[in-house]
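Only the coordinates and a few stated rules stand behind these numbers; no lab work does. This structure is a prediction, so every number in the text was calculated from the model and none was measured. Here Cβ is always computed from backbone atoms with ideal geometry, including for glycine, and neighbour counts include all displayed protein chains.
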Amino acid sequence: MDPSRLTDLHAYIRALPKAELHLHIEGTLEPELMFALAARNGVALPWDSVEATRAAYAFSDLQSFLDLYYAGAAALIHEQDFHDLALAYFERAHEDGVVHAELFFDPQTHTARGVAFDTVLDGLERACIEAQERWGISSRLILCFLRHLSEEDGFATLEQALPHLARIHGVGLDSSEKGHPPAKFARLFARCRELGLHIVAHAGEEGPPAYIEEALDILQVERIDHGVRAAESAALMERLAREQVPLTVCPLSNVKLCVFERLQDHNLKQLLDAGLKVTINSDDPAYFGGYVGQNYQQTAEALGLSRTELKQLAKNSLEASFVPQAVLDPWLLRLAAVPD
C-alpha cells in the first residue's frame, strides 16, 4: 500500500472517537514496564532481559499465552504498580482516539499471590480518574472471573468485591475457554445479575458456537467477547444480527493465538456484512503486537475495509459501551462530523 495512503488511513482512524470494550489491563504490561516493576519490587522473572521476554511471545494456543501472562503478572504487587500499568495504557489509548475504555481486570490472578483485592482496585481506579483529568477518557472497570478455576472460587472473589460494587460496573468471564463452558458459572452470574452488574463473557474464541449460546441464554450476557466462531452456525448468526448483541472482536489477538492463520483470513468483514454489531479491540496488546489503533489499521488493510465500515465499527463500539445516553450522544455527534 502507498505510504501516503497509510498515513491518511492512520490519521482517519485516530480521528474516529471510539470505545475499547475488550481490554485486559494485565495484558498491557509491556516488557519494559514488567522489568521496571520487577526491579522495584524485588521480583525474579523467568527471563533475564526485555529482549528474551519479547522472544518468548510465540504462542501456539491460548494456554501457552496464559502461562506467560500469569508469569508476567507476578511483577504487579503494590497499588502504584496497578496505577502505573493502567495509566500507561490510557496514554496509548488517547493516542489512538479512544474516548472511553472498559477495562477487564482479573483479581484472582493477584489475590492468589497474596495481593489484596483493594490494592488492585485502588490502583486501577486512581489511574481511571487521572485519565479522565488528563485526556478526557472516561472508563469503567469490569471484574473478570477466571473460568479455569471453580465457581466456588468465583463466589469467594465476588464476596471480596461486594464492598466495592459502586466502583465496579460489570463482570466478565475469561481465561482458558476449552473445557470450561459458560454454564459452569450459571449460579455465580445469576447472583451478579441480582446485584445489578453488567454481564459479559468470553465465548466463541477457541470454544464452539454452543458456548456463545450458553453465554446468551444461561449467563444472559449483554455483550459477547470474541464471538468469531458464531460464523459456524447460520442460526446463531441470524440471532446475533436480529438481537444486535455486540461482539468485541480482537483481530490481531485472533491471529496471534492461531484462531485465524492470517489477518486476511479473519471473518470480521463477514460478520459486519451480515449485520452483526461488531467492534474492534486489542485484547492483550502488549502480548499480541498492537493496540486498538493498530488493530483498526491492520484489519482495514488486510480486509479492504472502507472508511464507512471503519466509522460503523467505531459507532458500534460507542453504542455497545455501558454509558448513559447523555454521555454517548456527544461522542456520536463527533463521530458523525468526521469526514469520509
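Before moving on, here are some points about what is shown:
- Size of charge dipole - the stretch 66-137 - debye, nearest 20, with Cβ of Lys, Arg +1 and Asp, Glu -1, no other charges: 100
- Three-way shape call for the stretch 3-322 based on the alpha-carbon gyration tensor, with the a/c threshold at 1.5: rounded
- For the stretch 99-104, Karplus couplings with θ = phi - 60° (6.51, -1.76, 1.60), whole Hz, Gly/Pro x: 9, 8, 9, 10, 8, 7
- Partners for K256 among lysines (Cα-Cα distance below 24 Å; same-chain residues under 8 apart left out): K18, K178, K269, K277
- Lys/Arg +1, Asp/Glu -1 at C-beta; the chain dipole; positive extreme among A166, S138, F104: S138
- Judged by the gyration tensor of its Cα atoms, with axes a ≥ b ≥ c, the stretch 135-209 is oblate; a/c meets the 1.5 cut and b/c is at least as large as a/b.
- The chain: DSSP helices with Cα axial extent of at least 20 Å and average Kyte-Doolittle hydropathy no lower than 0.0: none
- Look at where the Cα atoms of the stretch 167-184 and of the stretch 1-79 average out, and the two centres are 21 Å apart.
- Phi-based couplings in Hz for the stretch 163-177 (Karplus 6.51, -1.76, 1.60; Gly and Pro marked x): x, 10, 5, 5, 9, 10, 9, x, 10, x, 9, 9, 6, 4, 7
- Which of P181, Q270, Y89, positive extreme of dipole for the chain (C-beta unit charges): Q270
- Local electrostatic count at A36 - Lys and Arg +1, Asp and Glu -1, tallied over other residues with Cβ under 12 Å: -3
- Centre-to-centre, using Cα atoms only, the stretch 264-340 and the stretch 212-227 are separated by 20 Å.
- Ranked by how many other Cβ atoms sit within 10 Å of their own Cβ, fewest first, the residues E130, E152 fall in the order E152, E130.
- Dipole in debye (nearest 20) - the chain, about Cα centre, beta carbon charges: Lys, Arg +1; Asp, Glu -1: 620
- From most to least packed by mean Cβ count within 10 Å, the peptides 233-243, 95-105, 112-122 give 95-105, 112-122, 233-243.
- Distance between the pseudo-spin-label points of A71 and D153 (7 Å out from Cα toward the beta carbon): 1.9 nm.
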